[in-house]
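Comments concern the structure below.
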Amino acid sequence: MLAPMEGVTHPGYRDLIASYGGVGVVCTEFVRITKGPVNRRLLEHQVVASEHAALSVQVMGNDELNMALATEWVVESGTDVVDINLGCPAPNAVRKGVGAAMLAQPEVLSRVVRAMRERTSGPLSAKMRAGVDSSDRAVETAQLLESAGVDFITVHPRRSIDRGGGHADHRIIKAIKANVGVPVVGNGDLWYAAQSLTLMRESGCDAVMLGRPALRNPFIFAQIAALRAGTRAMRPDGAALLEHVHAYVRATPAPDTALSGLLKEQLRYLLRSLADGESVTREVLRQPDVGSILTRLESRLSGVSSEELDLGPEPSTRSPGGRC
């Protein structure tokens, strides 16, 4: 599964990543559902199907009536899955009692999920963190979600206060999987394809969700699929990365100034695969427009072999860092 990422997972990007293979579900950016009137047009705008994968629309809020209405409307618009965000650790979300903050409000959480469940007969899921400031109730929360009617649970095993720091505690995924009857999707610190298979084997989780690792390696889902099938996983070279960047530019409907910023954010991750990635990234970030960025990338990536890139399926000694 391709994780929801704010400012990243627009329809063109979702379909591009799915086109490389190995992705069963792609997720939208989360849609904020407040206590005010629900914007049906905004919700419907999120429902853009991918040619290559099922679509999950993620909503975030704590008003049970509006969350139920949002669920009904996105289902009517054609989404395959409705997902509730229980993982956003942003201070603004926490102050409003939504995202990961709902993990500390079990009664509210249960009412909201049950209200959503009443409005759809299709797949309903939840993406949760391990807790707010403690992971002690992670299993209990997952069981609450199961009893409220979700069809599967995605687990990012960090607390809200951790944000993207520290390490994902995959033991939490294993504990949840052992104590619920619905499928569990594992997430967190899965930078290489082989790490996803290790997590599935050791925790028993049914699938994985990847966010930032797919920015760093757009072909990671295809690598996972190959490893699961027992076939050789591809190793992208510089030409493959250049083609991906050009495809991203074609798939992103934005004026040059906005597109330049979006592309630079992608390249902060993509260029980590180079031994001199930090210096190349600094150069790219100084470029004034998309054309200049592409020219610099073509100069650096042309002729680069797959062995020169840290994009193999197995972990290397180089740490990719960041959040996932």
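The values are calculated or read from the model by the stated rules, or taken from the named source; none is laboratory data. Given the structure is predicted, the values throughout are model-derived calculations rather than measurements. Reconstructed Cβ throughout: ideal geometry from the backbone, glycine too, with neighbour counts over all protein chains shown. Only protein heavy atoms, including side chains, enter the accessible area calculation; ligands, DNA and RNA are left aside. Shrake-Rupley method; radii C 1.70, N 1.55, O 1.52, S 1.80 Å.
Tabulated results
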| read-out | value |
| --- | --- |
| Yes/no for Val304 being open to solvent by less than 20 Å² (accessible area, probe 1.4 Å), among the β-branched types (Val, Ile, Thr) and part of a helix (DSSP H, G or I) | no |
| Selection within the range 28-67 - closer than 22 Å to Arg95 by Cα, touching a Ser or Thr at 6+ places or on another chain (Cβ under 9 Å) and not β-branched (Val, Ile, Thr) | Glu29, Gln58, Gly61, Asp63, Asn66 |
| Residue check for Thr141: under 19 Å from Cys88 (Cβ atoms) and of a type in the set (Val, Ile, Thr) | yes |
| Residues satisfying the stated conditions in the range 1-23, i.e. touching a Leu at 6+ places or on another chain (Cβ under 9 Å) and small (Gly, Ala, Ser) | Ala3, Gly7, Ala18 |
| Residue match in the range 132-141 (condition: surrounded by 24 or more Cβ atoms within 10 Å (Cβ to Cβ), touching a strand residue (DSSP E or B) at 6+ places or on another chain (Cβ under 8 Å) and β-branched (Val, Ile, Thr)) | yes |
| Qualifying positions in the range 107-131 - of a type outside the set (D, E, K, R) and open to solvent by 60 Å² or more (accessible area, probe 1.4 Å) | Ser121 |
| The range 142-175, subset β-branched (Val, Ile, Thr) and more than 13 Å from Leu86 (Cβ to Cβ), residue surrounded by the fewest Cβ atoms within 10 Å (Cβ to Cβ) | Ile161 |
| Residue list for the range 193-246, restricted to those being of a type outside the set (A, V, I, L, M, F, W, C), open to solvent by 10 Å² or more (accessible area, probe 1.4 Å) and part of a loop (DSSP other than H, G, I, E, B) | Gly204, Asp206, Gly230, Thr231, Arg232, Arg235, Asp237 |
| Which listed residue is at negative phi, in contact with a Cys (Cβ under 7 Å, 6 or more places away or on another chain) and modelled with pLDDT of 95 or more, from Pro183, Pro218, Pro213 | Pro213 |
| Neighbours by Cβ (under 6 Å, 6+ apart or cross-chain): first from the range 243-260, among the acidic types (Asp, Glu); second loosely packed, with under 15 Cβ neighbours inside 10 Å and at pLDDT 95 or above | Asp256/Asp289 |
| Helices (runs of 4 or more DSSP H) (entirely within the range 65-168) containing at least 3 residues that are modelled with pLDDT of 95 or more and of a type in the set (Lys, Arg) | 106-118 |
| Residues located in the range 33-59, provided they are assigned to a loop (DSSP other than H, G, I, E, B) and surrounded by 14 or more Cβ atoms within 10 Å (Cβ to Cβ) | Ile33, Thr34, Val38, Asn39, Val47, Val48, Ala49, Ser50, His52, Ala53 |
| Candidate set: the range 280-296, residues that are within 11 Å of Asp256 (Cα to Cα) and of a type outside the set (Gly, Ala, Ser); chosen: the one least open to solvent (accessible area, probe 1.4 Å) | Val290 |
| Hits in the range 1-32 (condition: open to solvent by 50 Å² or more (accessible area, probe 1.4 Å) and assigned to a helix (DSSP H, G or I)) | Pro11, Ser19 |
| Test: residue in the range 250-257 that is open to solvent by 20 Å² or more (accessible area, probe 1.4 Å) and either small (Gly, Ala, Ser) or closer than 20 Å to Ser125 by Cα (or both) | yes |
| Where a residue in the range 40-53 is within 15 Å of Glu76 (Cβ to Cβ) and its partner, wherever it lies, is of a type in the set (S, T, N, Q) and not in a helix (DSSP H, G or I), with Cβ under 6 Å and at least six apart | Glu44/Ser77; Gln46/Thr28; Val47/Ser77; Val47/Thr79 |
